[in-house]
Amino acid sequence: MAFKVYLSPSNQPNNLYNGVDMNERDNCRAIAEKVKVALERCGIEVKLGLNGSGNISESNAWKADLHLPIHTNAFNQKARGTSIMVWSTEAGNMKYANPIFEALKGVVLKQDSGRGISVRTDLAEIKGTTAVAVYVEIDFHDVPEVAKWLVSEHDLIAETICKGVCNGAGIAYKAPDDCAAQIAALQAEIETLKNQVSALQTKIANATAALK
């Protein structure tokens, strides 16, 4: 049975990016679309929620294994780096939170010391979901340099989140190039089969002619 991830991107259009014509909702939805593609490429079943607070009930009804809110952060125009929030630090939560955090920490422009995984029991998408919830704040959009990075690096961010999810779930990560190679191999196999079919058709035609 496929591992199921419910993606819940931010629904906050009024959170404007600093120095970039973008808002949190639209950018996080764009990132989530690419995360969906990456996860599905790795054999993971994905549902992308765009219903705001309705995402919680939809995720629960779908019986997700992992509920993944995707947000960007804001504070004082100085704070930098990835923050992850979970219900508790018990092993079932940390098995997903740790690899996602470590993956993102490795690609953000700057990671403040002391920033990382924290417990939050007040957030609806953490306390209201039956699946393990790993609430991701990718980086701070009120810092102009970071805002520009958040908008321009969708592929990198999405693939990084995918790698973290795969690591936590014990699923092999398949890079886009891996899939391209697989497709090329399958296409070559199809051509070989076509040639074999053509040769058989020739043999059948010859045998039919001999019978006549």
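Each row is one residue, and each column tells you yes or no for (1) of a type in the set (A, V, I, L, M); (2) at pLDDT 95 or above; (3) in contact with a strand residue (DSSP E or B) (Cβ under 8 Å, 6 or more places away or on another chain).
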{"residue": "21", "(1), (2), (3)": "no, yes, no"}
{"residue": "51", "(1), (2), (3)": "no, no, no"}
{"residue": "57", "(1), (2), (3)": "no, yes, no"}
{"residue": "76", "(1), (2), (3)": "no, yes, no"}
{"residue": "86", "(1), (2), (3)": "yes, yes, yes"}
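Scan the range 71-127 for residues that are of a type in the set (S, T, N, Q), open to solvent by 80 Å² or more (accessible area, probe 1.4 Å) and free of Cβ contacts under 8 Å to residues at least 60 places away in the same chain and jot them down.
Listed by number, the residues that qualify are 89, 113.
Could you check the range 130-155 and list, in sequence order, the residues that are among the hydroxyl-bearing types (Ser, Thr, Tyr) and surrounded by fewer than 19 Cβ atoms within 10 Å (Cβ to Cβ)?
Matches in the range 130-155: 130, 152.
Please go through the range 41-66 and give me each residue that is open to solvent by 50 Å² or more (accessible area, probe 1.4 Å), without any contact (Cβ under 8 Å) to a residue 60 or more places away in the chain and not charged (D, E, K, R), ordered by number.
50, 51, 57, 61
Inspect all residues belonging to the range 174-186 and state whether any of them is outside any helix (DSSP H, G or I), touching a residue at least 12 places away in the same chain (Cβ under 8 Å), closer than 26 Å to residue 63 by Cβ and touching a Gly at 6+ places or on another chain (Cβ under 7 Å).
Checked against the condition, which is being outside any helix (DSSP H, G or I), touching a residue at least 12 places away in the same chain (Cβ under 8 Å), closer than 26 Å to residue 63 by Cβ and touching a Gly at 6+ places or on another chain (Cβ under 7 Å), the range 174-186 yields no hits at all.
The values are calculated or read from the model by the stated rules, or taken from the named source; none is laboratory data. Please read all numbers here as calculations on a predicted model, not as lab measurements. Positions of Cβ are backbone-derived with ideal geometry, glycine not excepted, and every protein chain shown enters the neighbour counts. Remember, those area values only see protein heavy atoms, side chains included, never the ligands or the DNA or RNA. Shrake-Rupley method; radii C 1.70, N 1.55, O 1.52, S 1.80 Å.
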